[in-house]
Structure formats: C-alpha cells, structure tokens
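These notes concern the structure reproduced below.
Every read-out reported here was derived from the displayed coordinates using simple, explicitly stated rules and does not represent laboratory data. All of these numbers come straight from a predicted model, not from anything done at the bench. Cβ atoms come from the backbone with ideal geometry, glycine included; neighbour counts cover every protein chain shown.
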Amino acid sequence: MRFRPRFLLLCGTAAAAALTAGVALIGTAEAATTLGASAAQSGRYFGTAVAAGKLGDSTYTGILTREFNMITPENEMKWDATEPSQGRFTFTNGDRIVAQAQSNGSRVRGHNLLWHAQQPSWVAGLSGSALRSAMINHVTQVASHYKGKIYAWDVVNEAFADGGSGGRRDSNLQRTGNDWIEAAFRAAHTADPGAKLCYNDYNTDGVNAKSTGVYNMVADFKARGVPIDCVGFQSHLGTSIPGDYQANLQRFANLGVDVQITELDVAQGGNQANIYATVTKACMAVSRCTGITVWGIRDSDSWRTGENPLLFDASGNKKAAYTSVLNALNAGGGTSGSSPTTPASGGCNASVSLNSWNGGYTASVHVTAGAAAVNGWTVTVTLPSGGAVTGVWNATNSGSTFRNVGYNAQIPAGGSTDFGFQGTGTGPTATPTCRVG
Ligand code: G3I
C-alpha cells in the first residue's frame with residue numbers, strides 16, 4: 001500500500017467565496033488561570049495521568065484538584081491490575097482514582113482494555129479461541145464495572161507496528177485473528193454504550209506510515225459501522241514535533257471521530273515550552289480535538305526518568321511549559337481547521353480531501369453553510385469510471401450523490417459538518433457541488 005499526498009478540492013455555490021479565518025477568539029473579560037478552566041472555555045478538557053499510590057501526597061493532589069478536569073489512571077485499569085488471575089477481578093485502585101475524579105468534578109479516560117504489554121502472566125498460557133474468549137470477557141467485565149463512569153475508553157492500545165509497514169504489530173492478541181480490534185470495540189460498546197471508544201497509539205503524531213495504517217483502519221471501521229468514536233495520539237515527544245501535527249489530527253477528525261492528545265510529555269530542552277504550545281494550538285485549531293492529557297503531574301512523577309518532560313518541576317512549581325500551554329488555551333480557537341472558505345451568501349460549499357493508495361481511497365468531505373442556516377444538503381462528486389463507493393459514513397448515497405443523515409441535516413449559518421466515503425479505483429477528480437435540500 002502506498003500513500004500519496006492528499007489534495008484538496010474546493011468549490012461552492014458562491015463563485016467569489018469569502019475567505020474567513022477559522023478561529024474564534026474567546027471573548028472572556030479575564031483569562032482563566034488554571035489548565036482545566038482554560039480548556040473548558042472552548043468546551044475542551046485538560047487532564048493528567050494519575051497514580052493511585054500518590055493520592056496521599058498533598059502537593060500532588062493539590063495540583064491535581066486545582067489544575068485538571070480529566071484523569072487517566074496511569075496503570076490501575078490495565079489488564080495486569082484488573083484481572084491478576086483469570087476471572088478474578090480487582091478494581092480497588094481503579095475505583096480510588098474514579099472516586100478522586102468524581103469528588104473533584106473531573107471525568108475519567110479509561111486506560112486501557114487491551115494492550116500487548118502489561119498483561120497478567122496467566123494470559124501467556126492462552127492462544128487461539130481461548131485467548132479470544134478471555135480477552136473479550138476482560139473487555140466486557142471491566143467496561144461493565146465502570147459503566148457510566150468513563151468519558152472515553154482506550155479500548156485498544158498500541159496495536160500498530162513501528163516502521164514503514166503501516167501494518168499491525170505482532171502480538172498474542174493479533175494472532176487470535178485480524179478482527180480482534182473490532183471485536184473488542186463491539187464488546188466495549190455492548191458493555192458501556194455511553195462511553196466514547198478510542199483507539200490509542202504512539203508515533204502516530206504526524207502523517208507517516210504508522211498513522212496512515214491507523215487512519216485506514218478507522219476509515220474502514222466507520223464505513224462498516226464498527227463503534228469507534230475517537231483516536232488518541234499519545235504524543236510522547238522529544239525535542240521536535242512533526243510539522244504536520246495539526247494536519248494529522250485534522251485528517252482523522254475528518255473521518256468523523258473525535259481526536260484527543262492522550263499522553264503528552266516533551267523532553268526538556270530549549271524547545272520544550274514551544275513544543276507544548278504547538279501541541280495545544282493544534283488541538284485548539286481542530287474542532288473535534290476534545291482535550292489534552294499530560295502523562296503525569298511533576299517531572300518526578302514521569303516514567304521518563306531524567307528527562308523532566310512535564311509541566312511542573314519536582315517541587316510542584318509551574319514551569320515555562322505550563323505558562324505556554326495556559327496562554328495557548330486562553331487564546332481560544334477551535335471552530336474548524338478544515339473550513340478555509342465560507343460561501344458569501346446562502347447555499348453551501350463542499351471541499352474534499354483524499355487519501356489514496358493503489359486501487360482505493362478514502363474521501364473526507366467538508367460541508368460548509370453560507371450566510372443562512374441550512375436544513376438538508378446534497379453533495380455530488382464526480383467519480384472516474386471503473387471504481388465503486390464501498391462505504392459511507394455520516395451521509396447516505398446514491399451513486400456519487402450524497403445526502404445528509406438526520407443528525408447532520410442542520411448546519412448553522414457559517415457552520416460546517418463532515419462526511420466521508422471509501423471507494424475502489426480513483427477518488428473524485430473534479431470539484432464537488434453542494435446544494436441546499
Ligand atoms: O508498582 C510496582 C512496584 O511495586 C515494584 O517495586 C516496581 C519494580 O519494578 O514496579 C512497579 O510497577 C511499575 C509500574 O509502572 C508502576 O510504577 C512497573 O514495573 C512498570 O512497568 C510500570 O511502568 C508503566 C508503563 O506504562 C508500563 O509499560 C508506567 O508507569 C506508565 O507510565 C506507562 O504508561 C504507558 C502507557 O500505558 C501507554 N503508552 C506508553 C506509556 C509510557 O510507557
């Protein structure tokens with residue numbers, strides 16, 4: 001499979017489309033002074049990984065309750081922690097973290113239901129259908145225990161291989177069959193239909209072979225109705241950040257999933273504060289980026305010993321990186337990173353971006369209302385002969401004509417919505433048209 005550079009086609013019912021900045025500043029009289037409150041101004045959250053064993057440390061808990069409004073258990077909900085022997089579940093430490101979050105009005109990102117690492121030792125004795133049954137039972141039991149208490153679950157963690165293959169990582173889970181990921185998502189959805197269900201990975205922070213492998217899986221899941229709601233980008237960063245960090249978030253968002261920064265930490269160095277700011281601004285510029293989580297509170301709490309990668313020093317003092325994040329959150333933003341044009345009058349616009357490979361493609365279509373609100377829209381694309389549309393999400397289609405579904409019929413004046421489709425052959429090569437109704 002080969003990734004070709006994406007391209008963007010823009011068109012509209014208004015010939016002279018007005019160029020508008022896709023950023024709305026938040027008009028607060030005074031800037032918020034904590035990370036959580038600042039993120040909340042744009043409807044986002046700011047979270048941290050928490051270790052249950054540190055909740056007795058008053059400096060730690062003081063910063064936690066003051067600054068953060070989302071918590072991810074660092075280790076306490078992993079398979080080795082929650083099912084140390086087969087069928088015997090222990091939720092004590094996970095429950096402590098949920099209670100801590102609830103007492104502070106914070107939400108919880110569940111981490112994680114399935115991962116090739118940190119498995120209990122008994123799992124090593126299983127394979128094939130016995131392992132498949134055990135892992136689905138694990139997903140079901142843990143997601144059921146926490147039903148109604150989890151904002152989003154990392155259902156599957158780190159299932160793609162590093163390097164240029166764009167394929168799956170070999171693991172005992174993968175060897176139960178390539179459908180293990182979708183089976184896990186379906187089981188989690190059955191157990192807790194209210195939780196957002198995420199795929200989470202690292203080294204997927206720019207457009208590269210690994211992130212494109214994940215992208216193609218998410219597009220396929222959306223096309224086939226596998227219940228996936230979000231993609232987590234861990235963002236364990238060194239002294240640089242991919243130049244297409246924001247574009248990568250946006251291409252996933254255009255598939256119709258939320259995106260979240262889930263385990264952010266950045267090596268200390270001259271660039272640390274700048275890189276933190278760049279990540280924050282990228283999330284703020286992507287309307288479906290719903291929040292950021294840092295992987296620990298103080299440098300001394302980090303798994304990256306000696307790299308001082310967090311926002312507070314070992315004494316709990318705010319670092320320069322903290323200030324850069326707070327300022328970026330307070331600067332606001334977040335209407336949409338992919339709506340460069342707005343029709344000058346009523347009507348609607350459509351733009352399409354493609355990810356193509358030999359023999360197929362996924363198309364992300366961005367529909368923008370003009371000066372008047374839209375109630376129902378139809379987008380027509382021109383498809384080369386010889387190909388077929390094989391899946392559609394957030395729309396229905398008849399051939400190359402796509403119509404809104406119930407929940408995205410209405411677009412407010414100047415607002416936008418996204419749908420997508422997957423096909424064989426070559427994707428749209430001419431400008432799409434958009435009409436109201
Ligand atoms: O609690 C025991 C302690 O009793 C024992 O004395 C000590 C001896 O090694 O180990 C302690 O457990 C360690 C645990 O962290 C708690 O500190 C484990 O050995 C250690 O393996 C574990 O590391 C965690 C790591 O995942 C495991 O792979 C890190 O805390 C945790 O930050 C890290 O988090 C992962 C995410 O889940 C997924 N993405 C990458 C990220 C960083 O590796």
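Only aspartates and glutamates eight or more places from Lys78 in sequence, or on another chain, were considered; those with a Cα closer than 14 Å are Asp95, Asp154, Glu158.
By the Stokes-Einstein formula, at 0.890 mPa s and 25 °C, segment 41-115 with its Kirkwood radius over alpha-carbon pairs has D equal to 190 µm²/s.
Once the Cβ-Cβ distance of Ala124 and Asn274 is raised to the sixth power relative to R0 = 35 Å, the FRET efficiency obtained is 0.20. For the chain, the residue among Ala373, Trp153, Thr92 whose Cα projects farthest onto the positive side of the dipole built from Cβ charges is Ala373.
Report the extension gain between Gln102 and Arg304 in nm, rounded to one decimal, defined as 0.36 nm multiplied by the number of residues separating them, less their alpha carbon distance.
Answer, rounded to one decimal: 69.9 nm.
Measure off 7 Å from each Cα along the Cα-to-Cβ vector at Ala430 and Thr239, then give the distance between these two points in nanometres to one decimal. Result: 5.3 nm between the two label points. Count Lys and Arg as plus one, Asp and Glu as minus one, and take only other residues whose Cβ is under 10 Å from that of Met70; the net charge is then +3.
Assuming a ≥ b ≥ c are the square roots of the Cα gyration tensor eigenvalues, decide whether segment 230-325 counts as rounded (a/c under 1.5), prolate (otherwise, with a/b larger than b/c) or oblate. Don't jump to the answer; show the numbers that get you there.
Details: a/c = 2.18, a/b = 1.93, b/c = 1.13.
The shape class here is prolate.
What spacing in nm lies between the two simple spin-label points modelled at Asn327 and Arg66, each 7 Å away from Cα in the Cβ direction? Label at Asn327, label at Arg66, 2.1 nm between them.
The charge dipole of the chain, taken about the Cα centre with unit charges on the Cβ atoms of Lys, Arg (+1) and Asp, Glu (-1), comes to about 780 debye, rounded to the nearest 20.
Could you rank the peptides 167-178, 202-213, 122-133, 308-319 by their average count of other C-beta atoms within 10 Å per residue, with the highest value first? Working shown, then result.
Numbers: 167-178: 15.3, 202-213: 20.7, 122-133: 13.7, 308-319: 18.5.
Top of the packing list down: 202-213, 308-319, 167-178, 122-133.
Sorting Arg403, Arg224 by the number of Cβ atoms found within 10 Å of their own Cβ, with the fewest placed first, yields Arg224, Arg403. Computing FRET efficiency as 1/(1 + (r/R0)^6) for Thr92 and Val405, where r is the C-beta to C-beta distance and R0 is 45 Å, gives about 0.55.
Does the chain classify as rounded, prolate or oblate by the C-alpha gyration tensor (a ≥ b ≥ c root eigenvalues; a/c under 1.5 gives rounded; else a/b over b/c gives prolate, otherwise oblate)?
Numbers: a/c = 1.89, a/b = 1.29, b/c = 1.47.
Oblate.
Report, in debye and to the nearest 20, how large the dipole of segment 205-286 comes out about its Cα centre when Lys and Arg carry +1 and Asp and Glu carry -1 on their Cβ.
About 180 debye.
When only alpha carbons are used to place a centre, segment 122-169 and segment 281-317 end up 26 Å from one another.
Among 293-300, 89-96, how do they line up from the highest to the lowest mean number of other beta-carbon atoms within 10 Å?
Numbers: 293-300: 23.1, 89-96: 16.4.
Result, highest mean Cβ count within 10 Å first: 293-300, 89-96.
Taking each of Lys149/Lys281; Lys222/Lys318; Lys147/Lys222; Lys222/Lys319; Lys54/Lys281; Lys149/Lys222 in turn, the alpha-carbon distance tops 32 angstrom for Lys222/Lys318; Lys222/Lys319. If you add up the charges near Gln268, with Lys and Arg at +1 and Asp and Glu at -1, over every other residue whose beta carbon is less than 13 angstrom from its beta carbon, what do you get? So the surrounding residues net to -1.
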